[in-house]
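Notes to accompany the following structure.
The values are calculated or read from the model by the stated rules, or taken from the named source; none is laboratory data. As the structure is a prediction and not an experimental result, all values here were calculated from the model. Using ideal geometry, Cβ is built from the backbone for each residue, glycine included, and neighbour counts are taken over all protein chains shown.
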Amino acid sequence: MTDLATFARLSLADHGLVVISTTRADGSIQSSLVNAGVLDHPLTGEPIVGTVLAGRHKVRNLRARPRVTLTTHSGWEWTTVEGTVELVGPDDPLEGVDAERLRVLLREIFIAAGGEHDDWDGYDKAMADEGRVATLITPTRVYSNG
């Protein structure tokens with residue numbers, strides 16, 4: 001099984017862009033492009049993949065069916081992470097993560113996905129105003145062609 005280091009390397013090769021796939025209520029797949037990065041879980045310290053979501057559909061799908069598949073690539077080399085999801089946000093509290101820890105966690109995910117910012121106060125305000133949700137993916141399967 002490939003480790004998360006390969007996923008991190010490949011996702012950062014394309015600005016943290018990955019394809020995320022969730023399952024709709026009817027069983028069909030919903031996919032879109034998001035930024036994601038590898039970081040430590042804020043409570044357990046275990047390596048996970050994090051992404052910040054705003055899309056109502058993805059969040060609704062993950063609340064009902066908390067499993068996800070993420071795929072990234074660089075050229076013809078690719079890797080996929082399948083895993084379970086914990087959502088952390090204004091409507092998705094996680095014991096041990098208060099509002100201040102959520103603010104910092106959203107920054108940590110952004111940085112893990114290769115993001116840089118020069119106005120963190122503005123970033124924090126935008127995340128709060130948009131009700132952004134931290135998505136913590138614990139890998140259950142990681143595989144690649146490399």
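What residue, of 75, 96, 55, is among the small types (Gly, Ala, Ser), exposed (fewer than 14 other Cβ atoms within 10 Å of the Cβ) and without any contact (Cβ under 8 Å) to a residue 24 or more places away in the chain? Let's see the steps before the verdict.
Details: 96 fails: without any contact (Cβ under 8 Å) to a residue 24 or more places away in the chain; 55 fails: exposed (fewer than 14 other Cβ atoms within 10 Å of the Cβ).
So the residue among 75, 96, 55 that is among the small types (Gly, Ala, Ser), exposed (fewer than 14 other Cβ atoms within 10 Å of the Cβ) and without any contact (Cβ under 8 Å) to a residue 24 or more places away in the chain is 75.
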All conditions in (1) of a type in the set (A, V, I, L, M, F, W, C); (2) touching a residue at least 60 places away in the same chain (Cβ under 8 Å); (3) farther than 22 Å from residue 145 by Cβ; (4) touching a Ser or Thr at 6+ places or on another chain (Cβ under 8 Å) are true of residue 70 except (3)
With criteria (1) more than 18 Å from residue 5 (Cβ to Cβ); (2) loosely packed, with under 15 Cβ neighbours inside 10 Å; (3) of a type in the set (D, E, K, R), residue 141 comes up short on (1)
Within segment 3-22, of all residues that are buried (at least 17 other Cβ atoms within 10 Å of the Cβ) and β-branched (Val, Ile, Thr), the one farthest from residue 106 (Cα to Cα) is 6
Per the filter on segment 32-58, residues within 18 Å of residue 92 (Cα to Cα), small (Gly, Ala, Ser) and not in a loop (DSSP other than H, G, I, E, B) are 50
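Restricted to segment 23-46, and to residues that are surrounded by 16 or more Cβ atoms within 10 Å (Cβ to Cβ) and free of Cβ contacts under 8 Å to residues at least 60 places away in the same chain, which residue is nearest to residue 77 (Cα to Cα)?
At the first step, the residues of segment 23-46 found to be surrounded by 16 or more Cβ atoms within 10 Å (Cβ to Cβ) are 23, 34-39, 42.
Among the residues that remain, those that are also free of Cβ contacts under 8 Å to residues at least 60 places away in the same chain are: 23, 34.
Working: 23: 25, 34: 19 Å.
Of everything passing the filter in segment 23-46, 34 is nearest to residue 77 (Cα to Cα).
Can you tell me which residue among 63, 101 is of a type outside the set (A, V, I, L, M), modelled with pLDDT of 95 or more and over 27 Å from residue 28 (Cα atoms)? Outline the logic, then answer.
Details: 63 fails: over 27 Å from residue 28 (Cα atoms).
Unique residue meeting the criteria: 101.
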Going through segment 91-138 in order, the residues found to be closer than 23 Å to residue 66 by Cβ, of a type outside the set (A, V, I, L, M) and outside any helix (DSSP H, G or I) are 91, 92, 93, 95, 96, 98, 130, 131, 132, 135, 138
